[in-house]
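> Submitted below is the structure of interest, expressed as structure tokens.
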There are 2 protein chains.
Amino acid sequence: MKVTKKIVLSENDMPKQWYNIVADLTNKPMPMLHPGTKQPLKPEEMEGLFAKGLVEQEFTTERYIDIPDEVRDLYRIYRPTPLVRASGLEKALDTPAKIYFKNESVSPVGSHKLNSAIPQAYYNKIQGIKHMTTETGAGQWGSALSIACKHFGLDLDVFMVKVSYDQKPYRKSVMRTYGANVVASPSNTTEVGRRLQAAHPGTSGSLGMAISEAVEKAMTQPDTRYGLGSVLNHVILHQTIIGEEAKKQMEIAGDYPDVVIGCFGGGSNFCGISFPFLRDNLVGGKQTRFIAAEPASCPKLTRGKFEYDFGDTEGFTPLLPMFTLGHDFEPADIHAGGLRYHGAGTIVSQLMKDKLIEATDVEQLESFEAGVLFAQAEGIIPAPESTHAIAAAIKEALKAKEEGKEKVILFNLSGHGLIDMASYDRYFAGELKNYQVPEEEIAKNVAKLEKLA
Amino acid sequence: MKVTKKIVLSENDMPKQWYNIVADLTNKPMPMLHPGTKQPLKPEEMEGLFAKGLVEQEFTTERYIDIPDEVRDLYRIYRPTPLVRASGLEKALDTPAKIYFKNESVSPVGSHKLNSAIPQAYYNKIQGIKHMTTETGAGQWGSALSIACKHFGLDLDVFMVKVSYDQKPYRKSVMRTYGANVVASPSNTTEVGRRLQAAHPGTSGSLGMAISEAVEKAMTQPDTRYGLGSVLNHVILHQTIIGEEAKKQMEIAGDYPDVVIGCFGGGSNFCGISFPFLRDNLVGGKQTRFIAAEPASCPKLTRGKFEYDFGDTEGFTPLLPMFTLGHDFEPADIHAGGLRYHGAGTIVSQLMKDKLIEATDVEQLESFEAGVLFAQAEGIIPAPESTHAIAAAIKEALKAKEEGKEKVILFNLSGHGLIDMASYDRYFAGELKNYQVPEEEIAKNVAKLEKLA
């Protein structure tokens, strides 16, 4: 046994604070704007929708935020997660690079989403909130918030995009096992849902529609708040526990990453693994590269525009300064549901603008090819989302081989694919295709944005 | 944070040896018999079917067997597994009992089956075997052997019971992702498969049929051996790594179990967690209780008979001295596929006969009720098989509460249920029933056994 395969931490070594990168940025992100007044959004304007503790985190400029004991207590169900040396993958690629991955797939729902679900339910609970609402597409976020709400004694309504509700019945069963109330969206339980049903008879729904329903319910029902699984600053903050742990573990391994990679939907897992290491670039003189791996079919960072845009497709949310394909952009029906989002979070967008991070796009077939290679080499079948990070890591490892360099690569395995095997089936059956978004489609959608803010 | 939630070991603390309980038994198990001669089976008679290294382990009386480095190396993908304090479940039950579980669900395939799949593939590999064959019902064993064979460069043919092949497509996809060749059984790729198809047109298959096909292929194809996922001594041996780890972890926790519990199909996970602790009863004066939790619909230990019987339904295997419901017994269509087996391994049967272990039966509805309670309290959705162990642990914890005793309970969580959510769906829909096997059905099947040996 030449190398240590897994670096595990005891629960006493679990980080006690989340890291807020805003504190260390020279160029702070631009403010969110109120969609009506176009003035910077005030914290109190968000408190009808989100719990106060979360709104406070959304606006804070503190560098480190204490993780409450009750949250750490529940994190311990699956955290600290292992840092794994991908020795099987290294061998398969015959690369001199050292490849490490943070294994977030060991959580009970199989992904990193619990890292924010737990504190979100907690801050709602301590405020006396009784109900939460949310939307879910692929189902990872809905499952995570379901466990968290059950633990803290909150009711949860999940609006699940109808096409997923019908095609992914097992995700629904997971949420129901945890006691959540799951409805197909658009539903007849909200005003906007009924309106959407009437306007689009037989619609299979969309994440935008589901967000609108969850938001309406949170705004109109007493003692109710909404929860979002990515994009917002407080979500990113919670996810930094991934990188904080990984830093301790890389130190034990005796290595430091030259490249850090995460797949990219709204930013939660990419930022989670990256920001604690990025701090060492900002204040410690390191020169680590950070690569966000997004699907070629939804290339907001590589081909989108930095503009103020809505977070949802209906235009209900505040305006966010972000790299975006436009809120009207309809991502192709690719098999990485968690990456089908038109925009990026505000912090990560600012970092991209300031060239503090990079992005790369990955074709669908390349992502599954990487996923199968990884599964056979490391045993774990990755989530279709995570295969994008693996594909990018493989590219870097092969480049290191060409250059004969012993580069250290770290990527985040955001989740396993055991509930997404239908996607692998379609890949093996040759039914999946690559898809490059036509330039004119992007141009058309982003052109509408200039007059928004 | 009052108690330590998870006891984790570093990979250097992973046990270096498997434990063979036969060495410590006063009453050794009776020998397997050749089905033709009715004489004790000789090792060389098994070597056409199983790799030599495994046959040697099947017959050994050595107390501890070294785990080869290559096997430990691969174990490290997921081992050591955590020992978890079920503090959420304790709270939900309001019991003074301390409940621990060994979390074998963290393996890439979601169950303990890899513990034997890896050494089985290894011993085949070092013998120069090129192909393996096996059968799978629920798919856990087939998935595990698929990863292991891929790693050691062996081809694998999995004969999957046709009804599972059709109803559990995702299990099939998992095996294919790992590179295995999966066919629905009965198939037209074997003599016996074609014969079965002709004799039972439109049959949905059975584990017995699938075993027959896998055995035929192993016996007739060059450089090919067969692998079995439970029952046999060498499989049980490999699974003792569960209990060996758990002993180290319980010591760190500062507790020793009063009761050890595992669900029971052929015995692999129950024996795996139990035997290392049972040794302390046999040679160390401890008085721990060991409870095998079997489904009421397949009650071999609680209501079966100790007799020589075949391991398969077709009567192709050696005769094994076992607690059995008779090889003609057809288990009801319950949702814990891994527990639908008519007999128990020979060692565990001898222990049962000598009252060194106990057994309890669990009704299907009680098992799912326990599974949902556990999922909500601990976050992990258990496999339908594992819910039987949980139900038995809950009974013991509630008894402790009645008696006001601070009992220490340890059970094995053999796997998670994320690929078995269809079973939970049917439970929530009220479609599942309890089923007690009629006494006359058992009597009829075991009556046939007396003349076998």
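The values are calculated or read from the model by the stated rules, or taken from the named source; none is laboratory data. Predicted model, so just to flag it, every value in this text is computed and none were measured. For neighbour counting, all protein chains shown are included, and Cβ atoms are generated from backbone atoms with ideal geometry for every residue, glycine included. Areas reflect the complete protein model, heavy atoms only, side chains present, ligands, DNA and RNA absent. Shrake-Rupley method; radii C 1.70, N 1.55, O 1.52, S 1.80 Å.
> Just how many % of Cα pairs in region B:298-453 lie over 21 Å apart, if you round to the nearest whole percent? Intermediate values should be presented prior to the final figure.
Values: 6318 of 12090 pairs.
Result for the distance tail: 52 percent.
> From zero up to wherever the largest Cα-Cα distance of region B:342-409 sits, split into 5 Å bins and tell me the percent of pairs in each.
In order of increasing distance, the bins hold 4, 15, 19, 18, 21, 14, 8, 1 percent.
> What does the accessible area per residue of region A:316-453 come to in Å², with a 1.4 Å probe and no ligands, DNA or RNA counted?
On a per-residue basis, region A:316-453 sits at 37 Å².
> Measuring from a point 7 Å past the Cα of B:His200 along Cα-to-C-beta, which residues in region B:211-236 have an amide N at less than 15 Å?
B:211-214
> B:Glu62 versus B:Asp280, label points 7 Å from Cα toward the beta carbon: distance in nm?
It works out to 2.6 nm between the two label points.
> Report the normalised scattering of region B:242-321 as log10 I(q)/I(0) at q = 0.22 Å⁻¹, calculated by the Debye formula with identical scatterers on the alpha carbons.
Summing over Cα pairs of region B:242-321 leads to -1.06.
> When all alpha-carbon pairs of the protein assembly as shown are counted, what percent fall beyond 47 Å? Intermediate values should be presented prior to the final figure.
Working: 96679 of 409965 pairs.
For the protein assembly as shown, the share of Cα pairs beyond 47 Å comes to 24 percent.
> May I ask for the angle, rounded to the nearest 10°, between helix A:207-220 and the longest principal axis of chain A, with both axes built from Cα atoms and the value confined to 0 to 90°?
The answer is roughly 50 degrees.
> So what is the relative contact order of chain A, in percent, for Cα pairs below 8 Å that sit 6 or more residues apart? Numbers along the way, then the final one.
Working: 979 pairs, mean separation 85.8, N = 453.
It rounds to 19 percent for chain A.
> Between chains B and A, what is the buried accessible area in Å², counting both sides, with a 1.4 Å probe and ligands, DNA and RNA left out, to the nearest 100?
Values: alone 17720 and 17700 Å², together 31420 Å².
Buried surface at the B/A interface: approximately 4000 Å².
> Run the Debye formula on the Cα coordinates of region B:5-70, all scatterers equal and no solvent, and tell me log10 I(q)/I(0) at q = 0.16, 0.25, 0.27 1/Å.
-0.72, -1.15, -1.21
> Something else about it: If region A:99-175 were replaced by its equivalent ellipsoid, with semi-axes equal to the square roots of 5 times the Cα gyration tensor eigenvalues, what would those be, largest first, whole Å? Spell out each step's value before the answer.
Details: eigenvalues 88, 69, 15 Å².
Those come to 21, 19, 9 Å.
> Using a 1.4 Å probe on the protein heavy atoms only, what accessible surface does B:Val446 show? Give it in Å² to the nearest 10.
In the full protein context, B:Val446 sits at about 20 Å².
> Report, to the nearest whole %, how much of the accessible area of region A:386-453 belongs to carbon and sulfur atoms, 1.4 Å probe, protein only.
52
> Can you spot the lysines whose alpha carbon is less than 28 Å from B:Lys444's alpha carbon? Ignore those fewer than 8 places along the same chain.
Filter leaves B:Lys38, B:Lys162, B:Lys300, B:Lys305, B:Lys353, B:Lys355, B:Lys433.
> With no solvent and one point on each alpha carbon, what is the Debye value of log10 I(q)/I(0) for region A:72-112 at q = 0.26, 0.35 Å⁻¹?
With one equal scatterer per Cα and no solvent, log10 I(q)/I(0) is -0.83, -1.12.
> Heavy-atom accessible surface, probe 1.4 Å, ligands and DNA/RNA ignored: which residues of region A:420-453 lose at least 40 Å² versus the isolated chain?
A:Met421, A:Asp425, A:Phe428
> Bin width 5 Å, alpha-carbon pairs only: give the P(r) of region A:1-114 as whole percents, running from 0 to the bin holding the largest distance.
Final binned percentages: 2, 9, 12, 14, 14, 14, 12, 9, 6, 4, 2, 0, 0.
> Can you pull the mean other chain C-beta count within 10 Å for peptide A:366-376?
Numbers: counts 0, 0, 1, 0, 0, 1, 4, 0, 0, 8, 7.
Partner Cβ neighbours, averaged per residue: 2.
> Inside 10 Å of the C-beta atoms of A:74-82, what's the mean count of C-beta atoms belonging to other chains? Provide the component values of the computation, followed by the final result.
Values: counts 3, 1, 8, 10, 8, 2, 2, 0, 5.
The shielding value for this peptide is 4.
> Report, to the nearest 10°, how far helix A:268-284 tilts away from the longest principal axis of the Cα atoms in chain A, using its own Cα long axis and a range of 0 to 90°.
60
> Taking the alpha-carbon distance from A:Lys5 and a cut-off under 18 Å, which lysines remain once sequence neighbours fewer than 8 residues away in the same chain are dropped?
List returned: A:Lys91, A:Lys98, A:Lys102, A:Lys247, A:Lys248, A:Lys407, B:Lys16.
> Report the Stokes-Einstein translational diffusion coefficient (µm² s⁻¹, integer) for chain A, Rh taken as the Kirkwood radius over Cα pairs, at 20 °C with viscosity 1.002 mPa s.
Estimated diffusion coefficient is 98 µm²/s.
> At a cut-off of 30 Å², which residues of region A:163-182 become less accessible once all protein chains are present than in their chain alone, using a 1.4 Å probe?
At a threshold of 30 Å² (probe 1.4 Å), the residues of region A:163-182 that become less exposed are A:Tyr170, A:Ser173, A:Val174, A:Thr177, A:Tyr178.
> Shape of region B:156-199 from its Cα gyration tensor (a ≥ b ≥ c, root eigenvalues): rounded if a/c is under 1.5, otherwise prolate when a/b > b/c, or oblate?
Numbers: a/c = 4.54, a/b = 1.72, b/c = 2.64.
Oblate.
> Test of understanding: express the Cα radius of gyration of region A:208-361 as a ratio to 2.2 N^0.38 Å, with N the residue count. Provide the component values of the computation, followed by the final result.
Values: Rg = 16.4 Å, N = 154, 2.2 N^0.38 = 14.9 Å.
Here the Cα radius of gyration is 1.10 times the empirical estimate.
> For B:Asp280, place a label point 7 Å from Cα along the Cα-to-Cβ direction in every copy; what are the distances to the other copies, in nm, shortest first?
Counterpart label points of B:Asp280 in the remaining copies fall at 4.2 nm.
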